[in-house]
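This report refers to the structure that appears directly beneath it.
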Amino acid sequence: MRQAHVSSGILERVHVQYLERPQLLRSILHHITRGPIALVAAAGYGKTTLLHALAHQLPQSAVFPLSLADQDAAYLEARLQPRLSEPVPLLLDDVHVLEEAAEALAWLTERITASPERWVLSGRWLPKPLAHALHSLPTLYLTERELALSPEEVALWLQPLGYPPEQARAWHARTGGWPLAIAALAQLSVQYQAPEHVETSLEEYLHSYIFRRLWAELPEEVSAFLRLTGVALQFPLELAGHLWREVGPGLGEEAAQRAWQEIVRRRLFVESGTRQGYWRYHELFRAFLRAQAPERETVARAIVAWFRERDDYEMAIEQALADALWPEATE
């Protein structure tokens with residue numbers, strides 16, 4: 001369990017517990033002194049969760065979620081350089097954002113080649129220079145095949161809801177053990193039969209079937225909090241409190257605190273952001289949340305204004321671009 005060291009106004013400290021997958025962790029810990037590890041899979045396969053669980057096993061390690069800002073080689077170097085002088089593992093998330101960032105990739109691949117036994121890299125894909133460098137090293141690759149839940153793991157996740165073994169096996173077959181789909185299914189209060197076949201993509205099925213049923217079960221204060229904070233690319237709790245007061249549902253500050261605690265308690269796909277003390281939702285869940293926010297533009301403008309008031313133009317511009325607020329993005 002890792003503590004969320006955040007406290008701001010109406011929102012107090014909470015604890016986030018990362019689900020561990022012992023077999024995967026053992027494989028990584030066994031290999032990490034031999035060479036780099038690459039977690040390469042589509043969204044929803046638990047890469048970020050696995051990195052944080054690994055960091056819990058390696059107390060001196062550090063997780064670095066990458067963003068578009070890290071395409072600047074000087075910025076990336078400034079973030080990582082202080083840790084390079086220490087003999088500790090470096091866990092990089094979302095390395096795919098470095099695609100086309102030639103200078104940043106050159107700097108990173110040089111450091112990985114110089115000390116390959118300390119790196120764990122996670123992303124939807126590996127940029128070509130990075131993939132080429134890892135190919136020449138004793139790299140352990142974990143892809144969708146290894147990261148997917150086994151039938152036994154699916155049964156374990158669904159056991160608290162009373163799913164019989166045959167239904168758990170059916171859900172494994174329908175989802176291919178996709179962790180995000182099973183985690184969402186495990187949030188529901190009642191059992192659902194696995195469909196005999198899925199005509200849409202798994203991602204569309206997740207949105208239209210599982211997330212929608214989960215949304216219908218959430219208390220009003222929780223769904224209101226998610227609608228607000230789900231617009232943000234990432235948010236500190238100070239920003240969440242500001243949105244709740246300024247453009248929120250008027251349910252009171254205690255309701256916001258209860259909502260945040262419930263989101264964390266139920267692990268509603270919330271994870272650490274790219275900055276210390278920032279939070280974000282899994283990208284697929286966030287896409288769903290944005291579709292539930294009828295006043296999304298109003299909320300987005302409030303987010304941009306909040307960052308601008310604090311001279312955080314980087315976050316203000318990123319948020320403005322994400323919501324097509326072109327005047328705000330160019331001010």
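Bear in mind that the values in this text are calculations on the coordinates, not laboratory data. As the structure is a computational prediction, the values presented were derived from the model and not from experiment. Cβ: placed from backbone, ideal geometry, glycine included. Neighbour counts: every protein chain shown.
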Q: For mean projected area of the Cα convex hull in nm², several values are listed as [x] 18.9; [y] 26.6; [z] 17.2; flag the one computed from this structure.
A: [z]
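Out of all DSSP beta bridges in segment 33-173, what portion is antiparallel? Express it as a percent rounded to 5.
Numbers: 0 of 14 bridges.
The antiparallel fraction comes to roughly 0 percent.
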Q.
Below 8 Å, C-alpha to C-alpha, sequence gap of six or more: please give me the relative contact order for the chain in percent.
A. 17
Q. Can you work out the FRET efficiency for the pair Ala287 and Ala106, with r the C-beta to C-beta distance and R0 = 51 Å, to the nearest 0.05?
A. 0.95
Q: Could you please rank Leu237, Leu24, placing first whichever residue has the fewest other Cβ atoms within 10 Å of its Cβ?
A: Leu24, Leu237
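Loop-only trypsin sites (Lys or Arg not before Pro) in segment 211-315, please: DSSP not H, G, I, E or B, and at most 13 other Cβ atoms within 10 Å.
Working: sites: Arg212, Arg213, Arg227, Arg245, Arg258, Arg265, Arg266, Arg267, Arg275, Arg280, Arg286, Arg290, Arg296, Arg301, Arg308, Arg310; in loops: Arg266, Arg267, Arg275, Arg310.
Filter output for segment 211-315: Arg310.
Return the calculated 222 nm mean residue ellipticity for the chain, to the nearest 500 deg cm²/dmol, obtained by summing -39500 (n - 2.57) across DSSP H runs with n ≥ 4 and dividing by the residue count. Mind dumping the intermediate values first?
Details: 18 runs with 166 residues, N = 331.
The helix-only estimate for the chain comes to -14500 deg cm²/dmol at 222 nm.
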Q: Looking at the chain, send over the antiparallel percent of its DSSP beta bridges, to the nearest 5.
A: 40
Q: Could you work out how far apart the two model spin labels at Ala173 and Ala114 are, taking each label as a point 7 Å from the Cα in the direction of the beta carbon, and quote it in nm?
A: 5.4
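For Ile37, Ile263, which order do you get if you count the other beta carbons within 10 Å of each Cβ and list the fewest first?
Numbers: Ile37 23, Ile263 20.
Ranking Ile37, Ile263 by Cβ neighbours within 10 Å, fewest first, gives Ile263, Ile37.
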Q) Sorted from fewest to most neighbouring beta carbons within 10 Å, what does the list His197, His207 look like? A) His197, His207
